[in-house]
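So the structure is just underneath, and the comments pick up after that.
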Amino acid sequence: MAHITGKVTRQLPALPAGNLYGLQERCLAVESLLLVARELARARSELSGLLPPSEAHALDLFYTRAVGSAEDLRDHVLRAGERLSDFAAV
């Protein structure tokens, strides 16, 4: 068996400024996440009925932290895109 020494790192390629650093892809990903979050919100009562009452707090925590933060993520991506577009214009 060969022994590999040294540190191996994988760098992701830098996204070009010409496409605003992948802003369209980021927006599409966030909108997809928001769609999933809306579907989870609709299914909350059904999911709650499947869990034992002792797990109700865990479900509430999931909805508060994960599902509820999807809108915040959209705001973050859009603001970052705005900053990057200002930077690309310079």
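Take the conditions in contact with a Cys (Cβ under 9 Å, 6 or more places away or on another chain) and either part of a helix (DSSP H, G or I) or within 20 Å of LEU23 (Cβ to Cβ) (or both) and apply them to GLY81. Does it pass?
For GLY81, the condition - in contact with a Cys (Cβ under 9 Å, 6 or more places away or on another chain) and either part of a helix (DSSP H, G or I) or within 20 Å of LEU23 (Cβ to Cβ) (or both) - is met.
Look at GLU31 and say whether it is out of contact with any Cys (no Cβ under 8 Å at 6 or more places or on another chain), surrounded by 12 or more Cβ atoms within 10 Å (Cβ to Cβ) and modelled with pLDDT of 85 or more.
yes
If I filter region 51-69 for residues that are touching a Leu at 6+ places or on another chain (Cβ under 8 Å), in a helix (DSSP H, G or I) and either touching a residue at least 40 places away in the same chain (Cβ under 8 Å) or among the basic types (Lys, Arg) (or both), do I get at least one hit?
no
Hey, among the residues in region 60-90 that are surrounded by 12 or more Cβ atoms within 10 Å (Cβ to Cβ) and over 19 Å from the mean Cα position of the chain (by Cα), which one's nearest to GLU25 (Cα to Cα)?
SER85
The values are calculated or read from the model by the stated rules, or taken from the named source; none is laboratory data. Since the model is a prediction, treat every value here as computed from it, not as a measurement. No Cβ is skipped: glycine too gets one built from the backbone with ideal geometry, and neighbour counts run over all protein chains shown.
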